[in-house]
1. Among residues belonging to segment 67-112 that are away from the ligand (no atom under 13 Å from the Cβ), part of a loop (DSSP other than H, G, I, E, B) and in contact (Cβ under 8 Å) with a residue 24 or more places away in the chain, point out the one that is surrounded by the most Cβ atoms within 10 Å (Cβ to Cβ).
2. Could you say whether any residue in segment 148-159 is surrounded by 12 or more Cβ atoms within 10 Å (Cβ to Cβ) and out of contact with any strand residue (DSSP E or B) (no Cβ under 7 Å at 6 or more places or on another chain)?
3. Looking at Thr132 and the list (1) modelled with pLDDT of 95 or more; (2) touching a Phe, Trp or Tyr at 6+ places or on another chain (Cβ under 8 Å); (3) farther than 20 Å from Ala16 by Cβ, which single condition is not satisfied?
4. Just give me the residues in segment 113-135 being within 9 Å of the ligand (Cβ to nearest atom) and crowded, with 17+ Cβ neighbours inside 10 Å, in sequence order.
5. Of the conditions (1) away from the ligand (no atom under 12 Å from the Cβ); (2) at negative phi; (3) not acidic (Asp, Glu), Gly50 clears all except one; give me its number.
6. How about segment 42-66: which of its residues are surrounded by 13 or more Cβ atoms within 10 Å (Cβ to Cβ) and assigned to a loop (DSSP other than H, G, I, E, B)?
7. State which residue pairs qualify: first residue more than 20 Å from Ile185 (Cβ to Cβ) and inside segment 138-149, second residue open to solvent by 70 Å² or more (accessible area, probe 1.4 Å) and of a type in the set (A, V, I, L, M) in any location, beta carbons under 8 Å apart, and separation of 6 or more residues or different chains.
8. Checking Gly142 against (1) at pLDDT below 95; (2) more than 12 Å from the ligand (Cβ to nearest atom), which test does it fail?
Amino acid sequence: MKIAVFASGSGTNAEAIIQASKKQLLHAEVALIVTDNPKAKVVARAKQHGIPMFTFDPKSYETKADFEQEIVTELNSQGVSFVVLAGYMRLIGATLLQAYEGRIVNIHPSLLPSFPGLDAIGQAFKAKVKITGVTIHYVDAGMDTGQIIAQEAVRVEADDTVDSLQQKVQAVEHKLYPETLQAIITEHCMERLGK
Ligand code: GAR
């Protein structure tokens with residue numbers, strides 16, 4: 001199974017997925033990294049691991065459909081059958097959703113449906129919740145609204161700062177995402193075999 005990881009920033013989740021794949025904890029090959037930010041740290045990670053990369057600048061396209069069509073072409077040419085969003089800070093449009101229907105997953109740093117959108121960890125901290133966490137879900141046209149696949153809670157302690165909370169949330173992400181991907185991919189392979 002070939003997967004593509006989409007990221008816009010640091011790419012620590014992309015790294016965790018690549019490492020899990022190398023250690024065969026995740027039975028999938030990261031065949032492509034897609035980024036909308038040529039300056040993102042994930043670019044260096046892709047180079048370091050020798051993983052093909054598709055970098056694009058959304059501003060140089062007239063519409064989302066235009067750049068998503070190029071992404072779909074690239075995904076097809078690399079034989080990618082599953083799309084994994086890992087800090088890709090852009091809503092997925094109809095072109096990608098149709099091409100990879102039911103085969104796009106996202107990770108979000110809160111217990112959805114609480115705190116969707118940007119800066120979920122900061123939102124949870126400001127709201128003074130005692131428990132936040134991580135959600136992995138299928139992607140639909142909404143913002144962090146697709147069907148939930150897995151969630152794990154993270155306790156907010158009295159002495160936590162936004163930074164310490166972020167570290168705890170990300171530590172959970174780096175374990176939960178590869179594990180959940182392995183479960184989903186196994187399920188999809190079984191479904192394909194059953195057909
Ligand atoms: C992760 O915490 C991920 O959950 C979040 O962006 C971070 C990316 O970190 N995604 C969202 O907020 C999506 N709405 P990373 O680049 O180090 O993996």
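The values are calculated or read from the model by the stated rules, or taken from the named source; none is laboratory data. Keep in mind the model is a prediction, meaning the values are calculated, not measured. Positions of Cβ are backbone-derived with ideal geometry, glycine not excepted, and every protein chain shown enters the neighbour counts. These accessible areas exclude ligands, DNA and RNA; they are computed on the full protein's heavy atoms, side chains included. Shrake-Rupley method; radii C 1.70, N 1.55, O 1.52, S 1.80 Å.
1. Val80
2. no
3. For Thr132, the exception is condition (3).
4. The initial filter retains those residues of segment 113-135 that are within 9 Å of the ligand (Cβ to nearest atom), namely 116-121, 134-135.
Within segment 113-135, Ala120, Ile121, Val134, Thr135 meet the criteria.
5. Condition (2) is where Gly50 drops out.
6. Across segment 42-66, the qualifying residues are Ile51, Pro52, Phe56, Tyr61.
7. Sorted first by the residue in segment 138-149, then by its partner, the pairs are Ala141/Leu91; Met143/Leu91.
8. Only one criterion is unmet by Gly142, namely (2).
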